[in-house]
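Report on the following structure.
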Amino acid sequence: MSSVLNRFLSYVQVDTQSDPQSTSFPSTEKQRDLSNQLVVELQELGIEDAHLDGHGYVYATIPANSNKENIPVICFCSHVDTSPDVTGANVEPIVHQKWDGADIVLPDDNEQVIKVSEHPDLKNQIGNDIVTASGTTLLGADNKAGVAEIMAAAEILVTDLRIKHGVIKILFTPDEEVGRGTEKVDLVKLAADYGYTVDGEAVGTMEDETFSADGVKITIHGVSTHPGYAIGKLENAIKIAGEILAALPKGSLSPETTEGKEGFIHPGHIGGIQEKVVIDFIIRDFNEAGLHEKEALLKKILDNVMANYPNSKSEFKVTEQYRNMKEILSRHPQVIENAREAMKRSGLNPITRSIRGGTDGSRLSFMGLPCPNIFAGEHAFHSRLEWVSVQDMEKAVEVIVNLAQVWEERS
């Protein structure tokens, strides 16, 4: 069994699901279970400064073994948490060895079928080893594939002294899935010049452009009274919230109706009672002007609905989440070019593209660490149909190692 597969199978069995409703940091303490395990494994590799800080971040340094001076310090980053959308508890990973090209029926829920017709990247995987969950949980390849790949690459860089490289930093973050993955990262302590998140999809791909993202919280304060004596008095916050949701565009501006560079308004959570309801939205677009347009539309919908409820009140709070990292990466073309070269050396045809989402690299780039996203091999993330190819994970390890060499050679 390869090092990356062995690590991956171990990591996915640790429940690290994050919680968007939590106010603690990290949002769930169980994320530390995997982070502590990673620290131990890094220390066993001889990486003496590996440690978990009080906020749940893992930091580690692989010292340079090159005589060259002024080699940029490169960081490889992945997140330990898994999506709140599907349970990550009691994951049972299954390795489908030498996959034959047939649809994959997951054994614990036969209605969960990974269909070749719906997963076009599977067509390139015949004969490879495919890892899935058993059908009742997500797998956790997002982003434990990336974690395992960085760990396997670290093992190679530490043990094979023929591979020359500069200082390599490792960063494992919590809470990426709830948009808080870089909230408390210490970039001074990290002391890296450039970075790469290992959190992408198909082998050979790299993202240098992401959505820009905001969150919007709408709070409705209705008028509550006994329903038996409510005539002329009750203004039910639940019904008001329903009207707001019903007024959203039906054929556009939603995740289910958009693609490419189109943005959207998406209600992600709602909760409350007749007196008070809170609706959490995510707003996405590839440019900031598009975000503001969508927020203005949502505010107009809110105002139009609230006009019918004169005794109720509302709050509309916008929170910046991350911005399109293309703005930063365009100023540092060598970060992309070196990654492309590393992929070519691995026998891949590099594909640079946009991602309809975000990574820790989005915020890290604006915090001063230019940080594109390279493939980890994960597919169908945030679902029970999640899968990853062992061979793709092994290729990601190779690319990480090559990247360390390319930066050394070109310095």
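Is one or more of the residues making up segment 342-352 surrounded by 24 or more Cβ atoms within 10 Å (Cβ to Cβ) and in contact with a Lys or Arg (Cβ under 8 Å, 6 or more places away or on another chain)? Among the residues of segment 342-352, not one is surrounded by 24 or more Cβ atoms within 10 Å (Cβ to Cβ) and in contact with a Lys or Arg (Cβ under 8 Å, 6 or more places away or on another chain), which makes the answer no. When only residues in segment 177-199 that are within 15 Å of the chain's Cα centre (by Cα) and over 12 Å from residue 358 (Cβ atoms) count, which is surrounded by the fewest Cβ atoms within 10 Å (Cβ to Cβ)? Within segment 177-199, the match that is surrounded by the fewest Cβ atoms within 10 Å (Cβ to Cβ) is 183. Selection over segment 94-106 of residues that are part of a loop (DSSP other than H, G, I, E, B) and either touching a strand residue (DSSP E or B) at 6+ places or on another chain (Cβ under 7 Å) or surrounded by 14 or more Cβ atoms within 10 Å (Cβ to Cβ) (or both) gives a count of 3. Restricting 225, 205 to residues that are among the polar types (S, T, N, Q) and outside the structural domain of residue 358 (by TED's automatic domain parsing) narrows the list to 225. Restricting the first member to segment 157-185 and to residues that are acidic (Asp, Glu), and the second to residues that are in a strand (DSSP E or B), the beta-carbon pairs closer than 7 Å and six or more apart or on different chains are 176/79; 177/82. Scanning segment 75-87 for residues that are over 30 Å from residue 162 (Cβ atoms) and aliphatic (A, V, I, L, M) turns up at least one hit.
For segment 176-188, enumerate the residues that are assigned to a loop (DSSP other than H, G, I, E, B) and either outside the structural domain of residue 56 (by TED's automatic domain parsing) or at pLDDT below 95 (or both).
Across segment 176-188, the qualifying residues are 179, 180, 181, 182, 183.
If a residue has to be part of a helix (DSSP H, G or I) and surrounded by fewer than 16 Cβ atoms within 10 Å (Cβ to Cβ) to count, how many in segment 270-296 make the cut?
Step one: filter segment 270-296 for residues part of a helix (DSSP H, G or I), giving 288-296.
So of that shortlist, the ones also surrounded by fewer than 16 Cβ atoms within 10 Å (Cβ to Cβ) come out as 288-289, 292-293, 296.
Selection size over segment 270-296: 5.
Identify, from the list 137, 87, the residue that is within 26 Å of residue 361 (Cα to Cα), touching a residue at least 60 places away in the same chain (Cβ under 8 Å) and either of a type in the set (Ser, Thr, Tyr) or outside any loop (DSSP other than H, G, I, E, B) (or both). Walk me through how you get there before you give the answer.
On the way: 137 fails: within 26 Å of residue 361 (Cα to Cα).
On inspection, the qualifying residue turns out to be 87.
Would you mind stating whether residue 70 is of a type in the set (S, T, N, Q), surrounded by fewer than 20 Cβ atoms within 10 Å (Cβ to Cβ), closer than 19 Å to residue 200 by Cα and in the same structural domain as residue 155 (by TED's automatic domain parsing)? I'd like the intermediate steps shown before the answer.
Working: of a type in the set (S, T, N, Q): yes; surrounded by fewer than 20 Cβ atoms within 10 Å (Cβ to Cβ): yes; closer than 19 Å to residue 200 by Cα: no; in the same structural domain as residue 155 (by TED's automatic domain parsing): yes.
It is false that residue 70 is of a type in the set (S, T, N, Q), surrounded by fewer than 20 Cβ atoms within 10 Å (Cβ to Cβ), closer than 19 Å to residue 200 by Cα and in the same structural domain as residue 155 (by TED's automatic domain parsing).
Among the residues of segment 248-301, the ones that are of a type outside the set (D, E, K, R) and under 15 Å from residue 323 (Cβ atoms) come to 9 in all. Write out, first by first residue and then by second, each pair whose Cβ atoms fall under 7 Å of each other, whose residues are 6+ apart or on separate chains, and whose first residue, in segment 25-54, is on the phi > 0 side of the Ramachandran plot while the second is part of a helix (DSSP H, G or I). Matching pairs, first to second residue: 46/158.
All told, residue 408 falls short of being surrounded by fewer than 17 Cβ atoms within 10 Å (Cβ to Cβ) and either touching a residue at least 40 places away in the same chain (Cβ under 8 Å) or assigned to a helix (DSSP H, G or I) (or both). Looking for something in the same structural domain as residue 70 (by TED's automatic domain parsing), polar (S, T, N, Q) and crowded, with 23+ Cβ neighbours inside 10 Å - is there at least one such residue anywhere in segment 372-392? Looking through segment 372-392, at least one residue is in the same structural domain as residue 70 (by TED's automatic domain parsing), polar (S, T, N, Q) and crowded, with 23+ Cβ neighbours inside 10 Å. Among the conditions (1) more than 20 Å from residue 205 (Cα to Cα); (2) part of a loop (DSSP other than H, G, I, E, B); (3) at pLDDT 95 or above, the only one that residue 161 does not satisfy is (3). Filter segment 376-390 for residues that are among the hydrophobic types (A, V, I, L, M, F, W, C) and in a loop (DSSP other than H, G, I, E, B) and give the result. Result: 376, 380, 381, 385.
Within segment 314-324, not a single residue is in contact (Cβ under 8 Å) with a residue 12 or more places away in the chain, in the same structural domain as residue 224 (by TED's automatic domain parsing) and assigned to a helix (DSSP H, G or I).
Among the criteria (1) in contact (Cβ under 8 Å) with a residue 40 or more places away in the chain; (2) over 27 Å from residue 104 (Cα atoms), the one residue 348 does not fulfil is (2). Taken over segment 229-259, the criterion of being farther than 20 Å from residue 308 by Cβ, in a loop (DSSP other than H, G, I, E, B) and free of Cβ contacts under 8 Å to residues at least 24 places away in the same chain is satisfied by 250, 251, 252, 254, 258. Any residue that is over 15 Å from the mean Cα position of the chain (by Cα) and either among the acidic types (Asp, Glu) or closer than 15 Å to residue 206 by Cα (or both) - is there at least one of those in segment 382-389? No, segment 382-389 contains no residue that is over 15 Å from the mean Cα position of the chain (by Cα) and either among the acidic types (Asp, Glu) or closer than 15 Å to residue 206 by Cα (or both).
The values are calculated or read from the model by the stated rules, or taken from the named source; none is laboratory data. These numbers come from a predicted model, not from an experiment. Quick reminder, even Gly has a Cβ in these numbers, built from the backbone with ideal geometry, and neighbours come from all protein chains shown.
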